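S.K.: This is the structure I have questions about; it appears just below.
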Amino acid sequence: MIGTNRYIGSPVERIEDLRFLRGRGRFVGDLKREGMLHAAILRSPIAHGRVTFVDASAALAITGVRAVITAKDIGVVPRIPLRLLPLPGTERFLQPVIAADRVRYVGEPIAVVLGDSPALAEDGIGAIALDLEELPPVPDRHASERDETLLFEEAGTNAAMVFTGVKGDADAAFRDACSAPSTY
Amino acid sequence: MRVNFRVNGDPVAVEVEPRLHLADCLREVLSLTGTHLGCEHGACGACTVIVDGAAVRVCLMLAVQAEGASIITVEGLSSDEALSPLQTAFRKHHALQCGFCTPGMLTTAHALLTEEPDADADRIRSALSGNLCRCTGYIPIVEAVLEARAAYRKADKP
């Protein structure tokens, strides 16, 4: 005998809808804690360049800016690991958490400012003195293949790895086939 | 700067920086976190509230511009006891999943149906076209707003 289930095969009203529909959901941005600080991130405006100068003293002078964190401040930390397919070779191209002497894409973090409010943290971002020496970007696989500009110089190449895929003997299969389309 | 306005019927007086936008004022100063901030540049519609009857993205409006205004946020769309007909229709039609865009959808639809209780599906789609939803695919939202029209027509009649 098959039992009945009142949840499957009929509409079920969701209990969480009641709070969402009244504006009473609690999302991460809604959380408030005593002494909570807000972070803003200074990001690279260019696709490739050398970071030649970062000075946060003017930012730190702003009342309500609590800290400015650069690559120098965090010291040696592991690079960001790959979640998918961390194959041998890719470790040479892992990205830093915060750029140190080189930026490699628009938006790469250069400094993190902590402030009493989001606005104050953003004020801190605006007060950081930053000099970048622009380098040629590597915008597509053709430029990457030429290796004229290396994003990770220590790797000596832009090619993270070379794949060769072989399965069966396609030539023999066509040769031995009873018939084969002349064009396909 | 000192600013006076009404929120969900109650008068409020707040002291704000001139640069504070109304969304942060509602969320941070008045603790009305039902109004959500998605993009903070007027593209997503999550922060929509009703200002003097009109749907407004309050990430693009300064708090000081609200002086004297009457504002309705998602928290003001229903009483504690019951969902409004629009909210009920959203629930019935599964017009929300994560709930992040929902306050903006509700306020935009409420402003529309208050003015145009006979809005057809095309008009509803047009009015909601500035509100992004990544969960539902929009079809249930339009169905919910279509169903809620009846309640707004009745509300017109004494």
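S.K.: Spot the failing condition for A:THR52; the list is (1) in a strand (DSSP E or B); (2) surrounded by 13 or more Cβ atoms within 10 Å (Cβ to Cβ); (3) more than 14 Å from chain B (Cβ to nearest Cβ), and only one is missed.
M.R.: (2)
S.K.: A follow-up question, please. Which of the numbered conditions does A:GLU91 fail, given that it passes all the others? Conditions: (1) closer than 27 Å to A:LEU135 by Cα; (2) within 14 Å of chain B (Cβ to nearest Cβ); (3) not aliphatic (A, V, I, L, M).
M.R.: Answer for A:GLU91: the failing condition is (2).
S.K.: Could I ask something else about it? Report yes if B:PHE100 is part of a loop (DSSP other than H, G, I, E, B), within 11 Å of another protein chain (Cβ to nearest Cβ) and either modelled with pLDDT of 95 or more or buried (at least 18 other Cβ atoms within 10 Å of the Cβ) (or both), otherwise no.
M.R.: On the way: part of a loop (DSSP other than H, G, I, E, B): yes; within 11 Å of another protein chain (Cβ to nearest Cβ): yes; either modelled with pLDDT of 95 or more or buried (at least 18 other Cβ atoms within 10 Å of the Cβ) (or both): yes.
Against the criterion (part of a loop (DSSP other than H, G, I, E, B), within 11 Å of another protein chain (Cβ to nearest Cβ) and either modelled with pLDDT of 95 or more or buried (at least 18 other Cβ atoms within 10 Å of the Cβ) (or both)), B:PHE100 qualifies.
S.K.: For residues that are at pLDDT below 85 and farther than 22 Å from A:THR90 by Cβ, tally how many sit in the range A:144-184.
M.R.: 6
S.K.: For the range A:31-44, does any single residue satisfy the condition of being modelled with pLDDT of 95 or more and over 22 Å from A:ASP123 (Cβ atoms)?
M.R.: no
S.K.: So for the range B:76-98 (the condition being under 21 Å from B:GLY42 (Cβ atoms) and β-branched (Val, Ile, Thr)), does at least one residue qualify?
M.R.: no
S.K.: Would you call B:LEU77 buried (at least 21 other Cβ atoms within 10 Å of the Cβ), under 30 Å from B:MET1 (Cα atoms) and facing chain A (nearest Cβ under 10 Å)?
M.R.: Numbers: buried (at least 21 other Cβ atoms within 10 Å of the Cβ): yes; under 30 Å from B:MET1 (Cα atoms): yes; facing chain A (nearest Cβ under 10 Å): yes.
Answer is yes for this residue.
S.K.: Ok, one more. Restricting attention to the range B:122-138, which residues are surrounded by 12 or more Cβ atoms within 10 Å (Cβ to Cβ) and not in a loop (DSSP other than H, G, I, E, B)? Before you say what the answer is, go through the steps one by one.
M.R.: Keep residues of the range B:122-138 that are surrounded by 12 or more Cβ atoms within 10 Å (Cβ to Cβ), which gives B:123-128, B:130-133, B:135-136, B:138.
Once the filter is applied, which keeps residues that are surrounded by 12 or more Cβ atoms within 10 Å (Cβ to Cβ) and not in a loop (DSSP other than H, G, I, E, B), the range B:122-138 yields B:ARG123, B:ILE124, B:ARG125, B:SER126, B:ALA127.
S.K.: Same structure again: Looking at this structure, is B:THR108 more than 10 Å from chain A (Cβ to nearest Cβ), of a type in the set (S, T, N, Q), touching a residue at least 40 places away in the same chain (Cβ under 8 Å) and surrounded by fewer than 18 Cβ atoms within 10 Å (Cβ to Cβ)?
M.R.: Numbers: more than 10 Å from chain A (Cβ to nearest Cβ): yes; of a type in the set (S, T, N, Q): yes; touching a residue at least 40 places away in the same chain (Cβ under 8 Å): yes; surrounded by fewer than 18 Cβ atoms within 10 Å (Cβ to Cβ): no.
No; evaluated as a whole, the condition is false for this residue.
S.K.: So, one more: Would you pick out the residues in the range B:1-22 that are under 14 Å from the mean Cα position of the chain (by Cα) and more than 11 Å from chain A (Cβ to nearest Cβ)? So that I can check it myself, show each step before the final result.
M.R.: First, the residues of the range B:1-22 that are under 14 Å from the mean Cα position of the chain (by Cα): B:7-8, B:22.
Answer for the range B:1-22, where residues must be under 14 Å from the mean Cα position of the chain (by Cα) and more than 11 Å from chain A (Cβ to nearest Cβ): B:VAL7, B:LEU22.
S.K.: While we're on this one: What single numbered condition from (1) more than 24 Å from the chain's Cα centre (by Cα); (2) of a type outside the set (A, V, I, L, M); (3) in a helix (DSSP H, G or I) fails to hold for A:GLY29?
M.R.: Failing condition for A:GLY29: (1).
S.K.: Of all the residues that make up the range A:116-146, how many are within 23 Å of the chain's Cα centre (by Cα) and not in a helix (DSSP H, G or I)?
M.R.: 12
S.K.: For the range B:53-74, name all the residues that are of a type in the set (Ser, Thr, Tyr) and at the interface with chain A (Cβ under 9 Å from one of its Cβ atoms). Before you say what the answer is, go through the steps one by one.
M.R.: Within the range B:53-74, the subset of a type in the set (Ser, Thr, Tyr) is B:70, B:73.
Passing the criteria: only B:THR73.
S.K.: At pLDDT 95 or above and at the interface with chain A (Cβ under 9 Å from one of its Cβ atoms) - does that describe any residue in the range B:121-138? Give the steps one after another, and end with the answer.
M.R.: Pass one, the range B:121-138, residues at pLDDT 95 or above: B:121-138.
Adding the requirement that they be at the interface with chain A (Cβ under 9 Å from one of its Cβ atoms) leaves none.
The answer is no, given that none of the residues of the range B:121-138 is at pLDDT 95 or above and at the interface with chain A (Cβ under 9 Å from one of its Cβ atoms).
The values are calculated or read from the model by the stated rules, or taken from the named source; none is laboratory data. Just so you know, these numbers come straight off a predicted model, no measurement behind them. Every residue, glycine among them, receives a Cβ derived from its backbone with ideal geometry; neighbour counts consider all protein chains shown.
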